[in-house]
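Report on one structure; see the data block that follows.
Throughout, read-outs are computed from the coordinates displayed, never taken from laboratory work. What you are looking at is a predicted structure, and each value in this text was computed from that prediction instead of being measured. Here Cβ is always computed from backbone atoms with ideal geometry, including for glycine, and neighbour counts include all displayed protein chains.
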Amino acid sequence: MTGTAVSIVIGLIGGPLLGGLVSGLDRILTARLQSRIGPPMWQPFYDVVKLWGKEKVVVNVWQAFCAYCYVAATAIALVLFFLKSDLLLILFTQAVGAVFLVVGALSSTSPFSQVGAHRELLQILSYEPLLVFVAVGIYLETGSFKIAGLDTWDEPLLMKLPFLFVVLGYALTIKLRKSPFDLSTSHHAHQELVKGLLTDYSGPFLALTEIGHWYETILLLGFCSLFWANNWIAMMILIVATYFMEVLIDNVSARMNWRWMLGYVWAMGLTLSLVNLIWLYVG
Amino acid sequence: MFKKLIQKARVKSPWLLHYDCSSCNGCDIEVLACLTPVYDIERFGIINVGNPMHADLLLVTGTVNYRNRKVLLNLHDQMPDPKLVVAIGSCALSGGIFREAYNVIGGVDKVIPVDVYVPGCPAKPEAIIDGVTLGLNVFTRSKEGRKTHAR
């Protein structure tokens, strides 16, 4: 019982704190890759606190409702993860959050918001099957969708599911809104549609979407950690290396269009998943 | 305590919106120069946003005329409080060499309230950064920053 309570608290409070720090490190690293100094590490927290103190401007009630639902769903997904719950349940909770964010953007008539929302739907369409395949791969290997048994699994999943880890990398790149898949909204100002999806979220509601994004970041890095769950040091190295690759890819690639994204991600992702699943099944 | 935290965060994270009121682009190039690795204003947490609903700072360059007056007003109105306006360059300050032209209204302060004036033709990037950091003091001085002025 105490363990459950501790997990819930860690998920609810530790999640965004860690997510904000990761986001701060990301911004510094990105700046260094562009030969700039970059903001302080606490910058994402300053941004969110500032947004929280701004005037509330909403297009309509649905937008505010959707922003709250997005944060709630992502927070629940992360708490479920820390409770070592069912992978599929976590994935679907996270998907509900993602869809609420889109519905919130669609509730405004701004063309930027609308285009961003449609692109986000295509992004969800691209990465959701991949995440399900990753869960299926973990099921085939361990015989359960539960995360609970993974930390005592004797062989790291990465050895058996290397291709599925790459597939998870695609989903991670889309979900973290990194180039070349940052179609719907971006952290950088050099795109044709910069804030897209988030155009009409402002002030406290933009802060909510940012906090939701932190929850999602930690959740997805958590998925990565499952691939080497029996050794803390190896797990940390795996996560840091993965995140560094994400930042690197973000900085060396340009945004592509949705047709390319859907074609490429499905072709590569589904092929790699199937190869890995067949290998698991036969071997 | 929370108010103090918000006040500090406002100073630490001003997101700027840049609007070019028919400027000759001299000042605009200097504004964009602030974002390059040489000056790197992201050090101060400043991000160039393209969306007035996310912005805290409005940087205006160029003269205001009867055409872009409405656009400027609209952008200013769309920014949620608290907000700051920084006028950059001679034209934005007073109309500059165009002030006698038949279509020119004059400086930015004829249309919206201006907090900081950065002179120059064009204004230097150092002066722009200086002006913006000077403007941020407005956030620390009053509790709620500055409320929107009457037009």
For segment A:88-107 and segment A:140-211, what is the separation of their Cα centres, given in Å?
13 Å
Cβ-based exposure ranking for A:Trp214, A:Trp232, B:Trp15, in which fewest neighbours within 10 Å come first:
A:Trp232, B:Trp15, A:Trp214
Just how far, in whole angstrom, is segment B:32-84 from segment A:1-50 if you go by their alpha carbon centroids?
27 Å
Can you check what the net charge comes to around A:Arg255, using other residues whose Cβ is under 12 Å from the Cβ of A:Arg255 (Lys, Arg +1; Asp, Glu -1)?
0
Label-point separation (nm) for B:Phe2 and B:Arg67, each offset 7 Å from Cα along Cα-to-Cβ?
4.8 nm
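How many Å³ per residue does the convex hull of the Cα positions in the protein assembly as shown occupy?
Per-residue hull volume (Cα only) is 139 Å³.
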Which of B:Tyr102, B:Tyr117, B:Tyr19 moves most in a GNM of chain B, Cα contacts under 10 Å?
B:Tyr102
Over segment B:18-139, relative contact order from alpha-carbon pairs under 8 Å, at least 6 apart, %
28 percent
Along the dipole axis of the protein assembly as shown (charges at Cβ: +1 for Lys and Arg, -1 for Asp and Glu; origin at the Cα centre), the most positive-end residue among A:Val134, A:Trp232, A:Thr173 is A:Thr173
Given the C-alpha centroids of segment B:87-118 and segment A:234-264, what is the distance between them in whole angstrom?
46 Å
In nm, to one decimal, how far is the modelled label at B:Asp81 from the one at A:Ser253, with both set 7 Å along Cα→Cβ?
4.5 nm
Two-site FRET efficiency, B:Ile29 against A:Arg32, from Cβ-Cβ distance with R₀ of 41 Å, rounded to 0.05:
0.95
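Pulled fully out, how much extra length does the chain show between B:Ala101 and B:Thr133, if you take 0.36 nm times their separation in residues and subtract their Cα-Cα distance?
My answer for the length gained is 8.2 nm.
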So which lysines can A:Lys160 reach, going by Cα to Cα under 25 Å and dropping same-chain residues fewer than 8 places off?
A:Lys84, A:Lys146, A:Lys175
With springs only between Cα atoms under 10 Å apart, run a GNM on chain B and tell me which of B:Thr140, B:Thr61, B:Thr36 wobbles the most.
B:Thr36
With chain A treated as a Gaussian network of Cα nodes joined by springs under 10 Å, which of A:Ser179, A:Ser144, A:Ser23 yields the largest mean-square fluctuation?
A:Ser144
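About its Cα centre, how strong a charge dipole does chain A have in debye, to the nearest 20, once Lys and Arg get +1 and Asp and Glu get -1 at the Cβ?
Working: 16 positive and 17 negative charges, 95 e Å.
Charge dipole of chain A: 460 debye, to the nearest 20.
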